[in-house]
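Q: Just dropping this structure here.
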Amino acid sequence: MNSVVIAKFGGSTIGIDGISIPVIIQRINSICKNTKVVAVFSAPLTVVEGRRTSLTDVALELGNRSKEGKISDLIILRKTYEKILELVSSEFQDKCRMIIDDDLDKVRIELEKAMEKKEFSDEIRSKTLAYSGEILMSYVMDYILKSQGIKSEAVKLENWPIITDSNIESTNFVASESNKRVEHLEKLLEQNQVITIGGFIGRTKDGIITT
């Protein structure tokens, strides 16, 4: 395999509603001329009541409201991704919108569980953060890169290579188990210039999503 560069793009780098994504594209284009790239993405930023806010913090607030029995509106999350979707070419927009709709629907389901159980913790919390932030952003960025003619593929959760212990909300990386799952990642790297993956998220051996 060719050499590999891992490039991490945090929320501040992505910017408010993805405003700095064109700069990220330039950076990835520059790197992948000479090497393969694993692009790791955090949740983007947005503006709430005039303040820069990570979608992670928005999701946490929605979860806390849900456990108190308050109905959660996903409009802030949706608004941010609708804005970022503008960077996806018409060829991929419908597919990308379906993924956004599907993942935000998963967020809604987890928030309903939080309301029913009157708690926002463990896998409910991890899934909410994953599907509203890092995982969804990595999927959307895959389509943005494809729109720029970059041969790209996102790492899907069902093939997640980052295996952790079962301490769901403050988990530890398990290298021995992760090494068993690396083959799919290697194949993606062989077949593409860039692969996108969400940061901050892991899975247990049994498939439970962790943070």
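Q: Filter the range 53-71 for residues that are closer than 21 Å to Gly198 by Cβ, in contact (Cβ under 8 Å) with a residue 24 or more places away in the chain and of a type outside the set (Ser, Thr, Tyr) and give the result.
A: Leu55, Val58, Ala59, Leu60, Leu62, Gly63
Q: Gly149 passes all but one of (1) open to solvent by 10 Å² or more (accessible area, probe 1.4 Å); (2) part of a helix (DSSP H, G or I); which number fails?
A: Gly149 satisfies all of (1) open to solvent by 10 Å² or more (accessible area, probe 1.4 Å); (2) part of a helix (DSSP H, G or I) except (2).
Q: Filter the range 73-89 down to residues that are closer than 30 Å to Glu190 by Cα and loosely packed, with under 14 Cβ neighbours inside 10 Å and give me whichever is farthest from the chain's Cα centre (by Cα).
A: Initial filter on the range 73-89 (closer than 30 Å to Glu190 by Cα): 81, 84-89.
Subset that is loosely packed, with under 14 Cβ neighbours inside 10 Å: 86, 89.
Details: Glu86: 18, Ser89: 20 Å.
Checking each candidate, the answer is Ser89.
Q: If I filter the range 42-52 down to residues being open to solvent by less than 30 Å² (accessible area, probe 1.4 Å) and either assigned to a strand (DSSP E or B) or without any contact (Cβ under 8 Å) to a residue 12 or more places away in the chain (or both), which single residue comes out as farthest from Ser138 (Cα to Cα)?
A: The residue in question is Thr46.
Q: Ok, one more. Name the residue that is farthest from the chain's Cα centre (by Cα), counting only residues in the range 185-205 that are outside any loop (DSSP other than H, G, I, E, B) and of a type in the set (D, E, K, R).
A: Start the filter on the range 185-205 by keeping residues that are outside any loop (DSSP other than H, G, I, E, B), which leaves 185-191, 194-198, 202-203.
Filter once more, so that each one left must be of a type in the set (D, E, K, R): 186-187, 190, 203.
Details: Glu186: 20, Lys187: 21, Glu190: 22, Arg203: 14 Å.
Here the residue is Glu190.
Q: Let me ask another. Restricted to the range 1-27, and to residues that are open to solvent by less than 90 Å² (accessible area, probe 1.4 Å) and of a type in the set (Val, Ile, Thr), which residue is farthest from Glu190 (Cα to Cα)? Explain how you work it out, then say what you get.
A: The initial filter retains those residues of the range 1-27 that are open to solvent by less than 90 Å² (accessible area, probe 1.4 Å), namely 3-5, 7, 9-18, 20-22, 24-25.
Still in the running and of a type in the set (Val, Ile, Thr): 4-5, 13-14, 16, 21, 24-25.
Working: Val4: 11, Val5: 14, Thr13: 27, Ile14: 26, Ile16: 33, Ile21: 25, Ile24: 22, Ile25: 20 Å.
Here the residue is Ile16.
Q: What do you reckon, is Asp142 buried (at least 22 other Cβ atoms within 10 Å of the Cβ), acidic (Asp, Glu), without any contact (Cβ under 8 Å) to a residue 60 or more places away in the chain and under 28 Å from Asp101 (Cβ atoms)? If you could, list the steps in order and put the result at the bottom.
A: Working: buried (at least 22 other Cβ atoms within 10 Å of the Cβ): yes; acidic (Asp, Glu): yes; without any contact (Cβ under 8 Å) to a residue 60 or more places away in the chain: yes; under 28 Å from Asp101 (Cβ atoms): yes.
Against the criterion (buried (at least 22 other Cβ atoms within 10 Å of the Cβ), acidic (Asp, Glu), without any contact (Cβ under 8 Å) to a residue 60 or more places away in the chain and under 28 Å from Asp101 (Cβ atoms)), Asp142 qualifies.
Q: Also: Please pick out the residue among Lys70, Lys113 that is open to solvent by 70 Å² or more (accessible area, probe 1.4 Å) and modelled with pLDDT of 95 or more.
A: None of the others qualify; the one that does is Lys113.
Q: A follow-up question, please. Does Ser66 count as assigned to a helix (DSSP H, G or I), over 24 Å from Phe200 (Cα atoms) and among the small types (Gly, Ala, Ser)?
A: On the way: assigned to a helix (DSSP H, G or I): yes; over 24 Å from Phe200 (Cα atoms): no; among the small types (Gly, Ala, Ser): yes.
Judged against the criteria, Ser66 is not a match.
Q: Next up: Hey, among Lys106, Lys95, Lys118, which residue is surrounded by fewer than 22 Cβ atoms within 10 Å (Cβ to Cβ), touching a residue at least 24 places away in the same chain (Cβ under 8 Å) and closer than 23 Å to Ala39 by Cα?
A: Details: Lys106 fails: closer than 23 Å to Ala39 by Cα; Lys118 fails: closer than 23 Å to Ala39 by Cα.
Result of the check over Lys106, Lys95, Lys118: Lys95.
Q: Which of the residues belonging to the range 170-193 are out of contact with any Lys or Arg (no Cβ under 7 Å at 6 or more places or on another chain), closer than 20 Å to Ser3 by Cα and of a type in the set (A, V, I, L, M, F, W, C)?
A: Val182, Leu185, Leu188
Q: Do you know which residues across the range 152-184 are under 27 Å from Ile28 (Cα atoms), in contact with a Gly (Cβ under 8 Å, 6 or more places away or on another chain) and open to solvent by 10 Å² or more (accessible area, probe 1.4 Å)?
A: Ile162, Phe173
The values are calculated or read from the model by the stated rules, or taken from the named source; none is laboratory data. Values in this document were obtained by computation on a predicted structure and should not be read as measured data. Ideal geometry is used to build each Cβ from the backbone, glycine not excepted, and the neighbour counts take in all protein chains shown. Just the protein is used for accessible areas: all its heavy atoms, side chains included, with ligands, DNA and RNA removed. Shrake-Rupley method; radii C 1.70, N 1.55, O 1.52, S 1.80 Å.
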